[in-house]
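Undergrad: Quick one: structure below, then a few questions.
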Amino acid sequence: MLADLDRVLMPGLTHWQSPRFLAYFAATASEPGVLAELVIAGLNQVGILWRTSPALQELEELTVDWLRQLVGLPDTFDGHIEDTASTGVLAAVIAARTRQPDRRVLVCSEHAHSVGEKAARLLDLDLRKVPTDDEFRMRPDLLGADDACAVIATIGTTGMASVDPVPEIADRCAESAAWFHVDAAYAGSAAICPELRHHFEGWERADSIGVNPHKWLGVPMDCSALWTRRPEEFRRAFSLVPEFLRSPDDAVSLSELSIPLGRRFRALKLWAVLRCYGRNGLQGLLREHLRLAELFEGWVRDEPGWGVSAARHFSLVCFRREGSDEDNERLLERVNASGEIFLSHTRLDGRYVLRLAIGNFRTTEDDVRLAWDVLRREAAAL
């Protein structure tokens, strides 16, 4: 079997753990997280109720609260772990719809993640996409949330890591009594650095917030933190305890606050990463990623025939070479076909744009410099 793993499966994998994987957003499996996954599999806990694994639930509540403190959110938020932000958004919208069942509209930016559209489709809601400004941020003046059960704002959009004007959106949601969810799946981890907190102004006014430690904090896939100021609304939407699960325990099980009944011991790997790296260690890694992104951005700006396509807020650089969309698409195909690095793309203002996302714990300046060398080499070959 191990021989076939090497011979049959490995050639068909995209190596997300490579320090030269610079596409999408990173998902580093750090050493503490990998070892914790081994323990999780061996213990094989099933968190159906508090009593089926008290440590599973209590460690989840503890570690998500540690993360809350690290990113600077107030203690008015309760949290738990979902598998991905997609599930977290769906759960938040379900809670919002249950709270106001007569409202059948979900609102997000035209650059929001497609999870909003999927949630609307699954829940039979109408989706309204709000236009953005010249910095790709949602325009609150066009929001119109009076008929919305929920509004999704994004801090660090998937395409270009833009930051919606959260305080203004929060005002509109308060005026219209719409549920306000902040999707910070990628960028939320950056809030552990005080110098980046200005990007998160106003997010404490949200009804729910999602952040993925499996994106930029070294926790292996899957581990997504979901916080809410309205846990009673989640319980109203999701609590369903049949007779065979009833118990005399004085505890609200996490299965009453989310979609699945059973849950893995995901908190153990978040606990391991937070314990082993600590605040200072994680801050140092993220700051290095920001430095590398700034360095790459400078190379692009200084190179004739190349240009940066969007303002850089975190560790994502959007750029393109002068020429047609077809030229840039062929460039990306050649770069990725080399096998030396892996990049992805998006479209901004209708133009094809390349993306270089730094977030792997093992990426060094040499890796980023190699990426730039490969890009220029393949561009010259075209």
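The values are calculated or read from the model by the stated rules, or taken from the named source; none is laboratory data. Predicted model, so just to flag it, every value in this text is computed and none were measured. Neighbour counts are summed over all protein chains in view; Cβ atoms, including those assigned to glycine, are modelled from backbone coordinates with ideal geometry. We work out accessible area using only protein heavy atoms, side chains counted, and drop any ligands, DNA or RNA first. Shrake-Rupley method; radii C 1.70, N 1.55, O 1.52, S 1.80 Å.
Undergrad: Of the numbered conditions (1) open to solvent by 50 Å² or more (accessible area, probe 1.4 Å); (2) under 24 Å from L316 (Cβ atoms); (3) in contact with a helix residue (DSSP H, G or I) (Cβ under 6 Å, 6 or more places away or on another chain), H15 satisfies every one except a single condition; which is it?
TA: (3)
Undergrad: Within the stretch 149-162, count every residue that is within 16 Å of K129 (Cα to Cα) and surrounded by fewer than 24 Cβ atoms within 10 Å (Cβ to Cβ).
TA: 2
Undergrad: Let me confirm something: among L106, L122, L142, which residue is open to solvent by 10 Å² or more (accessible area, probe 1.4 Å) and in contact with a helix residue (DSSP H, G or I) (Cβ under 8 Å, 6 or more places away or on another chain)? Show your work before the answer.
TA: Details: L106 fails: open to solvent by 10 Å² or more (accessible area, probe 1.4 Å); L142 fails: in contact with a helix residue (DSSP H, G or I) (Cβ under 8 Å, 6 or more places away or on another chain).
The unique qualifying residue is L122.
Undergrad: Moving to a separate point now. Do you know which residues across the stretch 168-199 are open to solvent by 40 Å² or more (accessible area, probe 1.4 Å) and part of a helix (DSSP H, G or I)? Before the answer, list the steps.
TA: Filtering the stretch 168-199 down to residues open to solvent by 40 Å² or more (accessible area, probe 1.4 Å) leaves 168, 171-172, 174-175, 177, 194-195, 197-198.
E168, D171, R172, A174, E175, P194, E195, R197, H198, listed by residue number.
Undergrad: Within the stretch 184-211, how many residues are under 24 Å from S30 (Cβ atoms) and either touching a Cys at 6+ places or on another chain (Cβ under 7 Å) or among the acidic types (D, E) (or both)?
TA: Here the count works out to 1.
Conditions tested, residue by residue: (1) surrounded by 18 or more Cβ atoms within 10 Å (Cβ to Cβ); (2) over 24 Å from P19 (Cα atoms).
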site	(1), (2)
G262	no, yes
R279	no, no
L286	yes, no
A293	yes, no
R301	no, no
G323	no, yes
E326	no, yes
A337	no, no
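Undergrad: Scan the stretch 22-51 residue by residue and report those that are hydrophobic (A, V, I, L, M, F, W, C) and under 21 Å from G188 (Cα atoms).
TA: L22, A23, F25, A26, A27, A29
Undergrad: When A91 is evaluated against the numbered criteria (1) touching a residue at least 40 places away in the same chain (Cβ under 8 Å); (2) in a helix (DSSP H, G or I); (3) open to solvent by 60 Å² or more (accessible area, probe 1.4 Å), which criterion, by number, is the only one it fails?
TA: Condition (3) is where A91 drops out.
Undergrad: Anything in the stretch 29-52 that is crowded, with 17+ Cβ neighbours inside 10 Å, part of a helix (DSSP H, G or I) and in contact (Cβ under 8 Å) with a residue 12 or more places away in the chain? List them, or say none.
TA: Selection gives P32, G33, A36, E37, I40, W50.
Undergrad: Residue under question is A26, and the condition is that it be touching a strand residue (DSSP E or B) at 6+ places or on another chain (Cβ under 8 Å), open to solvent by less than 70 Å² (accessible area, probe 1.4 Å) and either in a loop (DSSP other than H, G, I, E, B) or on the phi > 0 side of the Ramachandran plot (or both); does it hold? Steps first, please.
TA: Details: touching a strand residue (DSSP E or B) at 6+ places or on another chain (Cβ under 8 Å): yes; open to solvent by less than 70 Å² (accessible area, probe 1.4 Å): yes; either in a loop (DSSP other than H, G, I, E, B) or on the phi > 0 side of the Ramachandran plot (or both): yes.
For A26, the condition - touching a strand residue (DSSP E or B) at 6+ places or on another chain (Cβ under 8 Å), open to solvent by less than 70 Å² (accessible area, probe 1.4 Å) and either in a loop (DSSP other than H, G, I, E, B) or on the phi > 0 side of the Ramachandran plot (or both) - is met.
Undergrad: If you take just the strands (runs of 3 or more DSSP E) that sit entirely in the stretch 265-377, which of them hold at least 2 residues that are hydroxyl-bearing (S, T, Y) and either over 30 Å from I40 (Cα atoms) or more than 26 Å from the chain's Cα centre (by Cα) (or both)? Write out each step before concluding.
TA: Working: elements: 306-308, 316-321, 344-348, 351-357.
Fully inside the stretch 265-377 and qualifying: 344-348.
Undergrad: Considering only the stretch 310-321, state which residues are open to solvent by 20 Å² or more (accessible area, probe 1.4 Å) and under 16 Å from W372 (Cα atoms). Break it down into steps so the answer makes sense when it comes.
TA: First pass over the stretch 310-321, keeping only residues open to solvent by 20 Å² or more (accessible area, probe 1.4 Å): 311-313, 320-321.
Those that are open to solvent by 20 Å² or more (accessible area, probe 1.4 Å) and under 16 Å from W372 (Cα atoms): R320, R321.
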